[in-house]
Amino acid sequence: MSHWFMLTLVGKDQQGIVAQVTTALYEGKCNLGEASMLRLGGNFTMMLMVNCTLSIEALEQLLQPVITKLQLHLHLTPIEGQLHHHIEPEVRISVHGADRAGIVAQVTSVLAEAGLNILDLESDVGGSAKEPFYIMHIEGIATLGIKVLEDALQQLLTTQQPDLKVQLEPIEILVM
Amino acid sequence: MAILNILTYPDVRLKNIAAPVTEFDDRLRIIIADLEETMRAGHGSVGIAAPQVGIFEQIVIIDVSAKPKIKQHGRLVLINPEITKWEGFKVGREGCMSVPDYTGNVIRAHSIQLVAQDEYGEQHEYEMDDYEARVVQHEVDHLDGMLFIDRLVSRRHDLFKRKVYK
Ligand SMILES: [Zn+2]
């Protein structure tokens, strides 16, 4: 019987990580599901759904040679693999401002309380080391409606974070 | 009338190029009626092109009238449609009855001019903006054997124009 694992992998960015990891998986007769792979602060990160008949130990062994060779950190978690059930986002929120402690916590707390269910969050630090700025894009479901989110963000801007720039746009999906 | 079977990607027939319609007869009008029923049976679909049901002729139906407060022409039958002018661009999220369980961002012209015939062969000219223009561009792609997944831009790429607070 086959089952799903979430493969989480971190390592110093170098050429060919994806090719070597996925080739090892392919040769071990594993199938791949959804994946997110990103370079974050000079590290290469991978989150990859893997489906196979191997035990978790056997899967780890299969990957060991490439993990050792490329000096990667690997973690495997048994998961329930849900394919073909995408949830579509209803709203997209962008935030940017001078980087200081607590932006993400404040913004996401306000949004969570206003009913946002986050499907995708991507953030980055730009600018210079002396004057960094923080930029974040969030997509999600407005479980209490978009108006509630708008009001909550407005409240945040007027009371706590006047310098933050926050933009919200409903995502209209046209099916045709 | 009948709800027709929708071809879904990766069915290679979706790459077929649709031929121009030459006979504006009862057969055409039956296809149109079936297409419309199929479109309305799809979840919130605002357009359909004949190749999506395996009929490789230049027949399109659009109807964005369910979207409130936008400039639009209501239900339109577009036979042998030809876009004659493109202006501006906009990123928007598209889905397709032929591409289940996937949506993506696509850049389309914001405004278009279009020449098309109706179900009786009469020629009309249209100017369209925004959602309606997007739907027509998506459907005309179907006639050319193209899907929106051939034109994706990154979901993570920030090209959206948003409402700005404060
Ligand atoms: Zn389509």
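The values are calculated or read from the model by the stated rules, or taken from the named source; none is laboratory data. These numbers come from a predicted model, not from an experiment. Methodologically, a virtual Cβ is constructed for each residue, glycine included, from the backbone with ideal geometry; neighbour enumeration extends over all protein chains shown. All accessible areas refer to the heavy atoms of the entire protein, side chains included, with ligands and DNA or RNA removed. Shrake-Rupley method; radii C 1.70, N 1.55, O 1.52, S 1.80 Å.
Would any residue of region A:25-57 have its amide N under 14 Å from a label point 7 Å out along Cα→Cβ of A:SER2? List them or say none. Label zone hits: A:25-34, A:49-55.
Summarising the label geometry, the points placed 7 Å from Cα in the beta-carbon direction at B:ARG13 and A:LEU70 lie 4.1 nm from one another. By the compact-protein rule of thumb, 2.2 N^0.38 Å, the alpha-carbon radius of gyration of region B:92-161 corresponds to a ratio of 1.24. Between B:VAL91 and A:THR159, the FRET efficiency from the beta-carbon distance, with R0 = 35 Å, is close to 0.60. Rg and Dmax over the alpha-carbon atoms of the protein assembly as shown stand at 24.1, 73 Å.
Helix A:146-159 and the longest principal axis of the C-alpha atoms of chain A enclose an angle of approximately 70°. Treating the angle as unsigned and between 0 and 90°, give the value, to the nearest 10°, between the Cα long axis of helix A:17-27 and the longest Cα principal axis of chain A. Around 50 degrees separate the two axes. Computed from the C-beta positions of A:MET37 and A:LEU119, the FRET efficiency with R₀ = 22 Å rounds to 0.80. Region A:32-105 and region B:1-76 have Cα centres spaced 39 Å apart. Restricting the calculation to Cα atoms, region A:91-170 shows an Rg/Rh of 0.96 when the hydrodynamic-style radius is the Kirkwood one.
Averaged per residue, chain B has 50 square angstrom of accessible surface, using a 1.4 angstrom probe with ligands and nucleic acids left out. Listed values for region B:99-111 are Karplus-derived 3J(HN,Hα) couplings in whole Hz (6.51 cos²θ - 1.76 cosθ + 1.60, θ = phi - 60°), namely 10, x, 6, 7, 10, x, 8, 9, 8, 10, 5, 6, 10, and x replaces Gly and Pro. Per Stokes-Einstein, at 37 °C and 0.692 mPa s, what whole-number D in µm² s⁻¹ belongs to region B:12-161, with the Kirkwood radius over Cα pairs as the hydrodynamic radius? Reported coefficient: 211 µm²/s.
Between A and B, buried accessible area from a 1.4 angstrom probe totals roughly 2800 Å², ignoring ligands, DNA and RNA.
Computed log10 I(q)/I(0) for region A:10-95 at 0.12 Å⁻¹: -0.43, from the Debye equation with unit scatterers placed on every C-alpha and solvent omitted. For chain A, the Cα gyration tensor yields ellipsoid semi-axes of 37, 22, 12 Å (square root of five times each eigenvalue, largest first, whole Å).
Counting only DSSP beta bridges with both residues in the protein assembly as shown, the antiparallel share comes to about 95 percent.
Treating the angle as unsigned and between 0 and 90°, give the value, to the nearest 10°, between the Cα long axis of helix B:26-41 and the longest Cα principal axis of chain B. Approximately 40 degrees, to the nearest 10.
Per residue of chain A, the DSSP helices (runs of n ≥ 4 H) give a summed -39500 (n - 2.57) that works out to -9000 deg cm²/dmol at 222 nm. For region B:90-117, which residues drop by 40 square angstrom or more in accessible area between the chain on its own and all protein chains together (1.4 Å probe)? By number: B:ARG93, B:GLY95, B:ASP101, B:THR103.
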